[in-house]
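Q: Take a look at this one; I'll ask things after.
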Amino acid sequence: MRFTVFLFFLTLLSCSTGSKKTNKQFDTTKSISLTDTIQHHEQEVDFRKEFISLYQKPILIDTSFIDNGKKYKVIFHHFSTMDNELVVPAKYNFDTNKDFTTHNFASDLTVLADKDTVFKKHITKATFKSLLDTLGTPLNKYATLLYPTLELNNDNIQIHYSISIPVTDVGVGVSIKFDKKGKYVIEQ
């Protein structure tokens, strides 16, 4: 990350000099500290605001595929439940040192075959309860389903999530894999 920021600033510096060629030596008294620049950039990124913006940005995937002459349609919707039921304790909020009341996230998956509903599934953190019970209390109590990715394979549909405590890096990757009849397995 720091290297990328450094390259970015070098590019800006070279672009700002234009096409003028000079033989001046570099003046070290006017140099910019890369550490100061990175710290300033990191302060500008407000992860809490970024997370809160997810409330109003549901994910909708509507796609189809053909398998053995049957047309399957997959409709996936991931959204904030707007329930105010998730209270993240102050000890996880280093920026505010206050409890953070937020919302859970959930997903709905519907699979149709030639316009007939093959299965529907409402996916919440509770869907992964058996995994969460082995991972410990913090994720079980304070985490939610975030950042889904959907994979369509020959014989299954797999959804990957991060079950994470909002605005922290505390979390774990999980997935749920469905067969064509709606039977599923969950994995870490």
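The values are calculated or read from the model by the stated rules, or taken from the named source; none is laboratory data. On a predicted model such as this, the values are computed, not experimentally measured, just so you know. Cβ sites come from the backbone with ideal geometry, for glycine too, and all protein chains shown count toward neighbours. We work out accessible area using only protein heavy atoms, side chains counted, and drop any ligands, DNA or RNA first. Shrake-Rupley method; radii C 1.70, N 1.55, O 1.52, S 1.80 Å.
Q: Return the total of residues in the range 84-115 being surrounded by 18 or more Cβ atoms within 10 Å (Cβ to Cβ) and over 30 Å from residue 157 (Cβ atoms).
A: Going through the range 84-115, the residues surrounded by 18 or more Cβ atoms within 10 Å (Cβ to Cβ) turn out to be 86, 88, 100, 102-107, 109, 111.
From what's left, over 30 Å from residue 157 (Cβ atoms): 88, 100.
Final tally of qualifying residues: 2.
Q: Quick check on residue 186: is it surrounded by 11 or more Cβ atoms within 10 Å (Cβ to Cβ) and either over 22 Å from residue 62 (Cβ atoms) or small (Gly, Ala, Ser) (or both)? Before you say what the answer is, go through the steps one by one.
A: Values: surrounded by 11 or more Cβ atoms within 10 Å (Cβ to Cβ): yes; either over 22 Å from residue 62 (Cβ atoms) or small (Gly, Ala, Ser) (or both): yes.
Judged against the criteria, residue 186 is a match.
Q: Looking at (1) out of contact with any Lys or Arg (no Cβ under 9 Å at 6 or more places or on another chain); (2) open to solvent by less than 50 Å² (accessible area, probe 1.4 Å), can you tell me which one residue 147 breaks?
A: Here residue 147 meets the rest and fails (2).
Q: Pick out the one residue from 117, 101, 134 that is within 18 Å of residue 186 (Cβ to Cβ), without any contact (Cβ under 8 Å) to a residue 24 or more places away in the chain and β-branched (Val, Ile, Thr).
A: On the way: 117 fails: within 18 Å of residue 186 (Cβ to Cβ); 101 fails: within 18 Å of residue 186 (Cβ to Cβ).
The conditions single out 134.
Q: Related question: Go through the range 118-144 and count every residue that is assigned to a loop (DSSP other than H, G, I, E, B) and open to solvent by 20 Å² or more (accessible area, probe 1.4 Å).
A: Restricting attention to the range 118-144, the residues satisfying the condition of being assigned to a loop (DSSP other than H, G, I, E, B) are 124, 136, 143.
If we keep only those that are open to solvent by 20 Å² or more (accessible area, probe 1.4 Å) too, we end up with 124, 136.
Of the residues in the range 118-144, 2 are assigned to a loop (DSSP other than H, G, I, E, B) and open to solvent by 20 Å² or more (accessible area, probe 1.4 Å).
Q: Modelled with pLDDT under 50 and open to solvent by 100 Å² or more (accessible area, probe 1.4 Å): is that true of residue 8 in this structure?
A: Details: modelled with pLDDT under 50: yes; open to solvent by 100 Å² or more (accessible area, probe 1.4 Å): yes.
Against the criterion (modelled with pLDDT under 50 and open to solvent by 100 Å² or more (accessible area, probe 1.4 Å)), residue 8 qualifies.
Q: The conditions are (1) over 19 Å from the mean Cα position of the chain (by Cα); (2) over 23 Å from residue 129 (Cα atoms); (3) of a type outside the set (Val, Ile, Thr); (4) modelled with pLDDT of 55 or more, and residue 53 fails exactly one of them. Which is it?
A: Just one mismatch for residue 53, condition (1).
Q: Applying the selection to the range 172-184, what residues are at pLDDT below 90 and either closer than 14 Å to residue 108 by Cα or under 19 Å from the mean Cα position of the chain (by Cα) (or both)?
A: 182
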